[in-house]
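Trainee: Below you will find the structure I want to go over with you.
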Amino acid sequence: MSLQDLLEVVPSGSDELPLVRSIDFERLPRHVAIIMDGNGRWAKLRHKRRVEGHRAGSASVRDVVETSARLGLQVLTLYAFSVENWKRPKAEVSTLMGLLKHYLRIELSTLLKNNIRFQVIGRPGLPEDVASELARGTERTRHCTGLHFNIALNYGGRAEITDAVRRLVAEAVAGKNGDPIEEDTISSYLYTAGQPDPDLLIRTSGEMRVSNFLLWQIAYSEIWVTDVLWPDFRRRHLLQAIADYQKRERRYGGIAPV
Ligand code: FPP
């Protein structure tokens, strides 16, 4: 995917065009991770129920997945449901689960058409009907070689590291893995094994927190926070984040070249 693929969906004369043209396609972030936040506030501002915010947020998901694929990003990870989100009212949790199921049912053919590989990251424990729909999406898109789309569900960064360490220790005790433990070893036991770490972490709705998201993987990520609430987040905001990312100098603890 490329500039041409992106231009296909940006109307001619649109004020987004200068933004599209400002993107350097040779220096795209390989992995963009997004904390989708602000659905509840979006609904409240419109005197609607919170679940309406989540429903509206699904449209942003569609837009961002399509834009990421057209841009040619390698990996997109969306934080949709945390291990802590079970504390929300039952009706809200079940609406979120329903939206996920519905999203995959409707979007599977689009994912396949666009060569998008779908993967769930997180702990098991989702309702059976949702889990089987997600498993079907994962299986059907396994061969896709374009955008790798992770959706974090029943996810927690500490839970992920705990699961990785448990598995590593269990394998060592069973004599299956006696290699010295390096940083790469830990990475290879995470849900995101084999994927590049996020170069860019986006958070919507202005909150300055990482909320237990990809704790190991975001060690050197550039962070971009916008006041835009998730249901209002569209292609232009993703492009703005990427354009801004491309202006930054990443030093990984070193110093700027002279
Ligand atoms: C945060 O907003 C958002 C979530 C916990 C859920 C994200 C879910 C979606 C965007 C919809 C379904 C997803 C897919 C992939 C189809 P919040 O409720 O915490 O907002 P608030 O902080 O304003 O209350």
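The values are calculated or read from the model by the stated rules, or taken from the named source; none is laboratory data. Being a predicted model, the structure only gives us computed values, none of them experimental. With ideal geometry, Cβ positions are generated from the backbone for all residues, glycine too; neighbour counts draw on all protein chains shown. Areas reflect the complete protein model, heavy atoms only, side chains present, ligands, DNA and RNA absent. Shrake-Rupley method; radii C 1.70, N 1.55, O 1.52, S 1.80 Å.
Trainee: For the chain, what is the relative contact order in percent, using Cα pairs closer than 8 Å and at least 6 residues apart in sequence?
Mentor: Dividing the mean separation by the residue count of the chain yields 27 percent.
Trainee: Sticking with this one: Would you please give the residues with an amide H less than 5 Å from that of Val225, counting only those at least 5 places away or on a separate chain, with H modeled from the backbone geometry?
Mentor: Answer set, sorted by chain and number: Arg203.
Trainee: Moving to a separate point now. Leaving ligands, DNA and RNA out of it, report the carbon-plus-sulfur percent of the accessible area of the stretch 140-254 at a 1.4 Å probe.
Mentor: Carbon and sulfur: 49 percent of the exposed surface of the stretch 140-254.
Trainee: Which Cα, out of Trp224, Val210, Ile242, lies furthest along the positive dipole direction of the stretch 200-258 (beta carbon charges, K/R +1, D/E -1)?
Mentor: Positive-most Cα among the choices belongs to Ile242.
Trainee: Then there's this: Once label points are set 7 Å from the Cα along Cα→Cβ at both Ser2 and Lys113, what is their separation, rounded to one decimal in nm?
Mentor: 2.2 nm
Trainee: Can you give me the % of accessible surface on the stretch 1-132 that is carbon or sulfur? Probe 1.4 Å, all protein chains present, nothing else counted.
Mentor: Summing carbon and sulfur atoms, their accessible area is 51 percent of the total for the stretch 1-132.
Trainee: Please report how far the C-alpha centroid of the stretch 1-80 lies from that of the stretch 110-165, rounded to the nearest whole angstrom.
Mentor: First find each Cα centre; the distance between them is then 19 Å.
Trainee: Let me ask another. Normalising by the residue count of the stretch 27-160, find the relative contact order in percent from Cα pairs under 8 Å and 6+ residues apart.
Mentor: For the stretch 27-160, the relative contact order is 31 percent.
Trainee: Using label points projected 7 Å from each Cα along Cα→Cβ, tell me how many nm separate Ala135 and Tyr220, to one decimal.
Mentor: That separation, rounded to one decimal, is 3.8 nm.
Trainee: Still on this model: Hey, can you grab everything whose amide H is under 5 Å from the amide H of Thr77? Only 5+ residues off in sequence or another chain; H modelled, so Pro and N-termini drop out.
Mentor: Val32, Ala33, Ile34, Asn150
Trainee: What number comes out for accessible area per residue over the chain if the probe is 1.4 Å? Units Å², please.
Mentor: For the chain, the per-residue accessible area is 51 Å².
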